[in-house]
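Worksheet for the structure shown next.
The values are calculated or read from the model by the stated rules, or taken from the named source; none is laboratory data. Small disclaimer: the values here were computed from a predicted structure and weren't measured. Note that each Cβ is placed from the backbone with ideal geometry, even for glycine, and that neighbours are counted across all protein chains shown.
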Amino acid sequence: MNRNQFGKFYEDYSDSIYKYIFLLVGNKETAEDLTQETFYRGYNHFDTFNGKAQIQTWVRKIARNLVYDYYRRKRIIQFIPFISKYDQRDKQLLPNEIIEKGEELVLLYNALSKLKLEYKEVLILRKIEGSSIKETAKTLGWTEAKVKNNTVRALQALKKIIVEGGDIHGEGFRSIIK
Amino acid sequence: MEKDLDRLLNELSYIKRDSKQKQQSFQKLSERIHDDKTLGKKLKSWKPAFALILVGLVCGIYLLTMQSQPTMQHTVRGEKMNEIFDHDQSYIQTMTLSNSHSLRSFPTGDPS
C-alpha cells in the first residue's frame, strides 16, 4: 500500500472507526490515539488481509482488539492509587460533541456508557453504525443468533437503566420514555 | 419508546470528529510509518556490522575460556603445594564446632 492509497484508506474509514472507539471508551483523546494505533497496525499487517470480509470489518476488528487491550490495561491501573484517581477525573469529562446535541442525547450517552461492554458493542454496531447482523457477527466473532439475542438484551438493559433513572433525572429524557 | 430510542441511538452516529485533530492524527501516523521505514532501512544496513561484532564477541569469549598448557612455573608451584599439604596433613581435619555449642570446647591437637 503506497502513501496515496493509505491516505484514501484512512479518509474512508477513520471517521467510522473513531466513532466506534469513542463510543466504547468515552474519551476523545483516547479514541484518537486508538484510532491512530488501529490504522498503524492495519498498515503494517495489510498483507494478512485475505479479502474474505469487508475491509471495514477487518479494521474494526483491529480496533476492537485495541479497545479490549485498553480496558485490560485500565483494570490493572485501577490498583495503582495515583493513576486511578487521575483516571476517575478523566472519566467525568463529557465530550463537547455530545453536549452540543442536546440533553436527551447526553443522557442516552450516559445510559449507554453504563452498559456492559458486550451490550455496548452490539448496540453501537447494530443501532448506531447500522451494520447488518452478518457484518456484526463477523466483527464480534459471534454467531448471528447471538447478535440478535444480545441486541434485544442490550436494548432491554438500556431501557432499564433509563427507567430506573440512576443519576438520570432530565426532563427531556423522561419525555422519550413515556 | 422503541422508535424514539432507535432514533436517538441513530443520532449518536452523527457525532462529528474534530477535523483539526483528525488532520494532526493522520500527520502523526504518516510520520510514524515513515520513521519505521527509515529505521528499518538503517537497521538493515547495520545488520552485517552487528553480525561481525557478535562473531568477534563469541571468538573473544572462546579464546578467553580456552585452557592453556601448564607451564614449568605452574608445575613447580603445584608440586610445592602438594608437599606442604603432605607435611601438614595430620593437622588438617574436620572440626565440628557446632556440636559443642560451648566456648569452653576447643579443638585438640595444636600444631605448635
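Can you name every residue in region A:137-156 that is within 14 Å of another protein chain (Cβ to nearest Cβ) and either without any contact (Cβ under 8 Å) to a residue 24 or more places away in the chain or touching a Lys or Arg at 6+ places or on another chain (Cβ under 7 Å) (or both)?
A:THR151, A:VAL152, A:GLN156
Across region A:5-59, what is the total count of residues that are in contact (Cβ under 8 Å) with a residue 60 or more places away in the chain and of a type in the set (Lys, Arg)?
Residues in region A:5-59 being in contact (Cβ under 8 Å) with a residue 60 or more places away in the chain and of a type in the set (Lys, Arg): 2 in total.
Would you check if A:ASN96 is modelled with pLDDT of 90 or more and exposed (fewer than 13 other Cβ atoms within 10 Å of the Cβ)? Even if it seems obvious, please write down each step before you answer.
Numbers: modelled with pLDDT of 90 or more: no; exposed (fewer than 13 other Cβ atoms within 10 Å of the Cβ): yes.
When the stated conditions are applied, A:ASN96 does not pass them.
Could you grab me the full set of residues in region A:28-66 that are within 13 Å of another protein chain (Cβ to nearest Cβ), farther than 27 Å from B:GLY40 by Cα and surrounded by fewer than 21 Cβ atoms within 10 Å (Cβ to Cβ)?
Going through region A:28-66, the residues within 13 Å of another protein chain (Cβ to nearest Cβ) turn out to be A:28-46.
Checking which are farther than 27 Å from B:GLY40 by Cα leaves us with A:28-31.
Those that are within 13 Å of another protein chain (Cβ to nearest Cβ), farther than 27 Å from B:GLY40 by Cα and surrounded by fewer than 21 Cβ atoms within 10 Å (Cβ to Cβ): A:LYS28, A:GLU29, A:THR30.
Taking region B:23-46, which residues are within 11 Å of chain A (Cβ to nearest Cβ) and either of a type in the set (A, V, I, L, M, F, W, C) or surrounded by 14 or more Cβ atoms within 10 Å (Cβ to Cβ) (or both)?
Within region B:23-46, B:SER25, B:PHE26, B:LYS28, B:LEU29, B:SER30, B:ARG32, B:ILE33 meet the criteria.
Could you look through region A:137-159, keep only residues that are surrounded by fewer than 18 Cβ atoms within 10 Å (Cβ to Cβ) and among the charged types (D, E, K, R), and pick out the one that is nearest to A:LYS116 (Cα to Cα)?
It comes out as A:ARG153.
For the condition in a helix (DSSP H, G or I), touching a helix residue (DSSP H, G or I) at 6+ places or on another chain (Cβ under 6 Å), within 23 Å of A:GLU104 (Cβ to Cβ) and within 14 Å of another protein chain (Cβ to nearest Cβ), what is the one hit in A:LYS159, A:LYS127? Walk me through it before giving the result.
On the way: A:LYS159 fails: touching a helix residue (DSSP H, G or I) at 6+ places or on another chain (Cβ under 6 Å).
Unique residue meeting the criteria: A:LYS127.
Among the residues of region B:12-31, is any free of Cβ contacts under 8 Å to residues at least 60 places away in the same chain, in a helix (DSSP H, G or I) and in contact with a Leu (Cβ under 8 Å, 6 or more places away or on another chain)?
Checked against the condition, which is being free of Cβ contacts under 8 Å to residues at least 60 places away in the same chain, in a helix (DSSP H, G or I) and in contact with a Leu (Cβ under 8 Å, 6 or more places away or on another chain), region B:12-31 yields at least one hit.
Taking A:LEU108 as the residue in question, decide whether it is at pLDDT 85 or above, under 18 Å from B:TYR14 (Cβ atoms), surrounded by 13 or more Cβ atoms within 10 Å (Cβ to Cβ) and within 11 Å of chain B (Cβ to nearest Cβ).
Values: at pLDDT 85 or above: yes; under 18 Å from B:TYR14 (Cβ atoms): yes; surrounded by 13 or more Cβ atoms within 10 Å (Cβ to Cβ): yes; within 11 Å of chain B (Cβ to nearest Cβ): yes.
For A:LEU108, the condition - at pLDDT 85 or above, under 18 Å from B:TYR14 (Cβ atoms), surrounded by 13 or more Cβ atoms within 10 Å (Cβ to Cβ) and within 11 Å of chain B (Cβ to nearest Cβ) - is met.
Among the numbered criteria (1) assigned to a helix (DSSP H, G or I); (2) at pLDDT 90 or above, which one does A:THR139 miss?
Against the list (1) assigned to a helix (DSSP H, G or I); (2) at pLDDT 90 or above, A:THR139 comes up short only on (2).
Give me the residue from region A:112-123 that is more than 8 Å from chain B (Cβ to nearest Cβ) and in a helix (DSSP H, G or I) and, out of that set, surrounded by the fewest Cβ atoms within 10 Å (Cβ to Cβ). First the steps, then the outcome.
Initial filter on region A:112-123 (more than 8 Å from chain B (Cβ to nearest Cβ)): A:113-122.
Now drop any that are not in a helix (DSSP H, G or I), which leaves A:113, A:117-122.
On the way: A:SER113: 15, A:LEU117: 11, A:GLU118: 14, A:TYR119: 19, A:LYS120: 20, A:GLU121: 23, A:VAL122: 27.
Looking at residues that are more than 8 Å from chain B (Cβ to nearest Cβ) and in a helix (DSSP H, G or I), I get A:LEU117.
When residues of region B:59-71 are filtered for being of a type in the set (Val, Ile, Thr) and either surrounded by 10 or more Cβ atoms within 10 Å (Cβ to Cβ) or within 14 Å of chain A (Cβ to nearest Cβ) (or both), how many remain?
Just the residues of region B:59-71 that are of a type in the set (Val, Ile, Thr), to begin with: B:61, B:65, B:71.
Applying the additional criterion that residues be either surrounded by 10 or more Cβ atoms within 10 Å (Cβ to Cβ) or within 14 Å of chain A (Cβ to nearest Cβ) (or both) yields B:61.
So the answer is 1.
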